[in-house]
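**Student:** The structure follows.
The values are calculated or read from the model by the stated rules, or taken from the named source; none is laboratory data. Keep in mind it's a predicted model, so treat the numbers as computed, not measured. For neighbour counting, all protein chains shown are included, and Cβ atoms are generated from backbone atoms with ideal geometry for every residue, glycine included.
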Amino acid sequence: MRALVLHPDIQSNRSRHAPDPALEEAVALAAALPGLEVVGAEVVRLAKAQPGMLFGSGKIAELGAMIEALDAGLVLIDGPVTPVQQRNLEKAWGVKLLDRTGLILEIFADRARTREGVLQVELAALSYQRTRLVRAWTHLERQRGGLGFVGGPGETQIEADRRAIDEAVTRIRRQLSKVVKTRALHRAARKKVPYPVVALVGYTNAGKSTLFNRLTGAEVMAKDMLFATLDPTMRAVALSDGTEVILSDTVGFISDLPTQLVAAFRATLEEVLDADLILHVRDISHPETEAQAQDVAQILAELGVAEEAALIEVWNKADRLPSERVAELTQIAGRRDGIHVISAITGQGMEALLTHVAESLSPPRHLTELDLPHTEGRKRAWLYDQGVVEAEEPGEEAAHLVVHWTTRQERAFREL
């Protein structure tokens, strides 16, 4: 389908983003949806949004002529559009219209792979559709209005549709609770494994999946495309010092992510909540890299990620910058703690980053003396697998061991 992308630059909106990068991101969003061909893109400057039509009548006529000339069948508006505005614009232009939330939902629906991901998308989509029911049935409301407790046909249809959506939401929430319980069991099992969790987070298309692939050798979808990864992927990785970690790749964050999506994907991002270390991957070559970093920080705060969680900033895509700029950024990173300039494509800066990760995950160890009955062969084998046994003296009924371990390893041992 041929699509025209519009970014309304509303002057009265104080929190608005720089229009040109915002339009570029909106076009990239559209390109992430299969079957769409972006045939035009434009920033539309407005003093303020019009309640009924979003744009003024002159601008609507001008854009209508552009839609006709481009033979576009879909208009994507990079921002929120009310149900009334959507209905009026579709009628004026004779095309289908999607706002930013609708487009992101379409992409999520196309990308989600795991059972939970699919259910979360359905839940968010139903929540979005419920607010749009008035659009489909307005013509019926005009035919005959309701008289208080006796509804007209339009009202009856809307209520029936709402009821159907509410029932679907209840059914999906029930299914989700089962999936979440299964994931909780998996998380509990992982906690018994004394490996720290390292979560990759960042703005969408920052290069997280490319970095994940370089570290793990996995073939996670890594394309220059927004929302390439939607479901968390986890892999065990051995660092150069022998430290074993679980690495988690997560969905990319994005500015103005609708509230219902943040809530819906909270469970999908739960690995971040449990992470021992967070790697915040930034596309340092992007003109809006600072604003993107602020968006990520804000969403992490909304997700309830503890402020005390250790975090390393990874300034990725250095290969896209001139060598002088890379040298300048490397100097800045050197003066501040916890920042690394890298290229996940070329491998530049990876060694220093991995050394820092290993150091961050090397918690203090302590000596403990244990008397382990001979019947506890499994626990003894586990201790040797972990490489924490310093000395062992056999006894008649139990072996006396001296172990040098971390608090995490001790806790895992006690739970065996």
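**Student:** Quickly run through the range 381-409 and pick out the residues that are among the aromatic types (Phe, Trp, Tyr) and in contact (Cβ under 8 Å) with a residue 40 or more places away in the chain.
**Tutor:** TRP405 - this is the single residue of the range 381-409 that is among the aromatic types (Phe, Trp, Tyr) and in contact (Cβ under 8 Å) with a residue 40 or more places away in the chain.
**Student:** While we're on this one: Within the range 91-107, is even one residue under 25 Å from GLY252 (Cβ atoms), of a type in the set (Gly, Ala, Ser) and within 22 Å of the chain's Cα centre (by Cα)?
**Tutor:** Looking through the range 91-107, at least one residue is under 25 Å from GLY252 (Cβ atoms), of a type in the set (Gly, Ala, Ser) and within 22 Å of the chain's Cα centre (by Cα).
**Student:** Give the residue, chosen from LEU23, LEU54, LEU29, that is crowded, with 17+ Cβ neighbours inside 10 Å and farther than 20 Å from ASP283 by Cβ.
**Tutor:** LEU54
**Student:** Please enumerate the residues belonging to the range 390-416 that are modelled with pLDDT under 90, acidic (Asp, Glu) and within 49 Å of the chain's Cα centre (by Cα).
**Tutor:** Correct list: GLU410, GLU415.
**Student:** When you scan the range 233-247, how many residues do you find that are over 19 Å from THR210 (Cβ atoms) and among the charged types (D, E, K, R)?
**Tutor:** So the answer is 2.
**Student:** While we're here: Answer yes if at least one residue in the range 346-366 is touching an Asp or Glu at 6+ places or on another chain (Cβ under 6 Å), assigned to a loop (DSSP other than H, G, I, E, B) and farther than 30 Å from GLU393 by Cα, and no otherwise.
**Tutor:** Checked the range 346-366: at least one residue is touching an Asp or Glu at 6+ places or on another chain (Cβ under 6 Å), assigned to a loop (DSSP other than H, G, I, E, B) and farther than 30 Å from GLU393 by Cα.
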